[in-house]
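The structure under discussion appears below in the form of structure tokens.
The values are calculated or read from the model by the stated rules, or taken from the named source; none is laboratory data. Just so it is clear, the model here is predicted, and its values are computed rather than measured. Counting neighbours? That spans all protein chains shown, and the Cβs are built from the backbone with ideal geometry, glycine included. With ligands, DNA and RNA removed, areas are computed over all heavy atoms of the protein, side chains included. Shrake-Rupley method; radii C 1.70, N 1.55, O 1.52, S 1.80 Å.
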Amino acid sequence: MRIIFLRLARKQKERKTIGFYGVDSGVGTTHLAIAAANFAVNEWGVPAAMAELGARPCIRDLDVCGQGGDHFSIDGVDFYPQMESAQMPQLLNGAYRYLMMDMGCDENCWQEFLRCDLKYLVASFSPWRIRQAETFMDLHENDHSINYVTALLTVTGNVYEKKKFQRKYHVPVRTIPFVADPFRLAKDQLSFFQELL
């Protein structure tokens with residue numbers, strides 16, 4: 001019991017930025033960032049926010065209550081749609097212990113992504129989409145920035161393709177569990193998010 005309390009106390013003192021960057025559009029980057037923020041707030045009880053930095057805004061539509069302003073809240077998570085890099089110091093110096101940063105697949109957000117404490121690439125390993133992941137890795141392998149990535153996350157793909165990709169690019173590949181609702185995580189998904197953060 002004491003060990004659990006000490007781990008929770010340590011989690012409450014940490015301050016981390018977690019970047020989620022999609023190697024292509026439609027791979028679940030925003031969905032994953034929302035789920036991670038909800039995990040931090042609702043499972044660990046620590047203040048968390050999600051900032052959307054990508055060029056293709058989509059979380060503004062979640063503000064069904066019309067809270068307006070520069071942010072809104074759902075289930076204890078603060079959402080900041082369409083943030084600019086210049087606005088980030090305000091959030092970074094705020095009360096949040098975990099700041100999920102959804103970069104989408106916007107190349108203009110790459111440098112901001114590299115500044116995050118934890119950096120997760122999100123990709124699809126479906127047979128018709130794995131080439132996009134390889135092209136992305138080849139592009140960034142030349143500037144060595146890919147060496148700073150924490151892991152590549154994917155829902156799809158077979159074990160053989162994941163191992164082959166991992167060997168070729170020297171980036172850990174982890175499987176994302178199927179999350180139907182990023183606001184309501186199931187018990188079997190909690191261990192994934194615990195390891196992620």
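Among the numbered criteria (1) of a type in the set (A, V, I, L, M, F, W, C); (2) outside any loop (DSSP other than H, G, I, E, B); (3) open to solvent by 90 Å² or more (accessible area, probe 1.4 Å), which single criterion is violated by Phe178?
(2) is the only condition that Phe178 fails.
Which one of these does His140 not meet: (1) in contact (Cβ under 8 Å) with a residue 40 or more places away in the chain; (2) over 27 Å from Val46 (Cα atoms)?
So His140 meets the others, but not (1).
Of everything in segment 25-38, what is β-branched (Val, Ile, Thr) and either assigned to a helix (DSSP H, G or I) or open to solvent by less than 10 Å² (accessible area, probe 1.4 Å) (or both)? Give them in sequence order.
Answer for segment 25-38, where residues must be β-branched (Val, Ile, Thr) and either assigned to a helix (DSSP H, G or I) or open to solvent by less than 10 Å² (accessible area, probe 1.4 Å) (or both): Thr29, Thr30, Ile34.
So that you can scan it fast, the table gives a plain yes or no per residue for (1) assigned to a helix (DSSP H, G or I); (2) open to solvent by 70 Å² or more (accessible area, probe 1.4 Å):
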residue: Ala40; (1), (2): yes, no
residue: Trp44; (1), (2): no, no
residue: Ala51; (1), (2): no, no
residue: Asp70; (1), (2): no, yes
residue: Leu99; (1), (2): no, no
residue: Glu112; (1), (2): yes, no
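Output the residue which, of all residues in segment 73-93 that are closer than 23 Å to Trp44 by Cβ and among the charged types (D, E, K, R), is most open to solvent (accessible area, probe 1.4 Å).
Of everything passing the filter in segment 73-93, Asp75 is most open to solvent (accessible area, probe 1.4 Å).
Can you tell me which residues in segment 95-145 are closer than 20 Å to Phe193 by Cβ and among the aromatic types (Phe, Trp, Tyr)?
Residues satisfying the conditions are Tyr96, Tyr98, Phe113, Tyr120.
Rundown of residues vs (1) of a type outside the set (Asp, Glu); (2) within 19 Å of Ala36 (Cα to Cα); (3) in contact (Cβ under 8 Å) with a residue 60 or more places away in the chain, yes/no style:
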{"site": "Met100", "(1), (2), (3)": "yes, yes, yes"}
{"site": "Glu107", "(1), (2), (3)": "no, no, no"}
{"site": "Ala151", "(1), (2), (3)": "yes, yes, no"}
{"site": "Ala180", "(1), (2), (3)": "yes, yes, no"}
{"site": "Glu195", "(1), (2), (3)": "no, yes, no"}
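Only one residue in Val179, Val122, Val155 is within 19 Å of the chain's Cα centre (by Cα) and at pLDDT 95 or above, so which one is that?
Val122
State which residue pairs qualify: first residue farther than 23 Å from Cys109 by Cβ and inside segment 42-57, second residue charged (D, E, K, R) in any location, beta carbons under 7 Å apart, and separation of 6 or more residues or different chains.
Asn42/Asp75; Trp44/Lys11; Val46/Lys11; Val46/Arg97; Pro47/Arg97
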